[in-house]
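A quick write-up on the structure given underneath.
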Amino acid sequence: MASTFKSFLNSDITTTRTLLHEVVPMTGSIVARTYVSSGVETNIKTYGHGMLQSVYDYPYLSSSANHIFDISVGVHPDWEAGAPGAAITVGKATKNNIYAQMAQMLVGFDENGNVRKFDKDGNFSDTTTDKYTNCAFLSFSRLLVKDEIKKGSFEIHLGVRNGPAQNFTLDNLFYNTADAAANGEGIMRIYDKGAADEFRVNSPVGEYGILYAAGCSNTGTPATCPDGIDGRDDGSVNDPVVTNVAVVADASVANHVRVGLIYYQAGIAVLNLDAFRGVQGANATWNGGVLFAGNSAAGGPNANTFLTWNYLGGGEKNLQQVLTTYTVDDFARGLRERVHNIKFNNTTELNSTIYFCRANHNEFNYSSNPTYLNGSKIRVKENTTDSPVSYLTTVGLYSADNELLAVAKLSEPLKKDPTNELTLRVRLDY
């Protein structure tokens, strides 16, 4: 216990904030079909309520498994009203409730107490026609997100195709060299472009950014597709590329279109499903923003979509069919099998209080160690004229009533006598 105390002045205390980041990569091989036993994916957990599907990095019954993220899908009732022939016949209440729950949490309420819809640009007052009424939700584990997702680091690469000529299966890893050029199979890059400098703060859960998909301003080669629609993501000129497509609407950023939102502190990505459909044929009457117009070189105008589900039986299913006639678990599986990779940087916020402990020339020259004295005499003094000498080894931080709260140890003893002064910097992290 110390016998001498010194109070801090306001100038002796300061605070800092440090952001630590880790890269979090998730490959498509983990998200789909890595751990399969008797035809069952053992790292994918489904629930009786049927509202979401959980993805683990290992069979979830193992003690070594870590929860990665959940997948769900929600549909606002207005989507059915605006899309002829889009009546939901399977899981209508579940899909409506999921949308309402996520919107209430992430978007909040308007001035009349009504739950807002997800808005493309985050400006709820500019127009009522730029809403997302059908969304996929990816809710990432707090174990991975930590305090938040770093702005400008979030990316999802999805396998896409532009024609129905061949089933689009996991077996050919999102594209097949035989028909890649004809059907435009490749990887679509979705990311929060420019979010480090431009993000929104009008959400109940904190800050969020806009997710964009990189697009081609013209049809053709990778040279006309800046910022990355690329088959294998390695820059090779022979990579299969999404060809014969064009950005047709909502081009709010050059060669990019808005396809969703990313909520950084909540760790939730919202993908607008209207962006992943064709504009020809049976789906031409869908409302909402359109990402690409399909013109397959082999099959002509594509009435389906870039994301198609073929494992459900009965041939390929477009998104409208999946949303209306299949369960949330079916949808989650279909989306998982299109994931090439997901990556982001997480953030750990480290707050620190720094105390500058100042020992002036006439302070702390005596030790509180009982062995410092021998017969009431200071051991380190041989003559009465010698200056007292002590060695600082420990700093104790005390409360106002002299209760010890924290102890800091020096790496080596520091000599202290009346001829010198010391300032020790003590940092408390929390």
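Here are a few things to note about the model shown:
- The ellipsoid that matches the Cα gyration tensor of the stretch 360-429 has semi-axes, each √(5λ) in whole angstrom, of 25, 15, 11, with the longest given first.
- Summarising the amide proton neighbourhood of Asp119: residues at separation of 5 or more, or on other chains, whose placed amide H is nearer than 5 Å comprise Tyr132.
- Among the listed pairs Lys92/Lys193; Lys343/Lys409; Lys146/Lys415; Lys45/Lys117, those whose Cα-Cα separation exceeds 31 Å are Lys92/Lys193; Lys343/Lys409; Lys146/Lys415.
- Using all pairs of distinct alpha-carbon atoms, the Kirkwood hydrodynamic radius of the stretch 17-78 works out to 13.6 angstrom.
Since every read-out is calculated from the coordinates, none of them should be taken as a lab result. What you are looking at is a predicted structure, and each value in this text was computed from that prediction instead of being measured.
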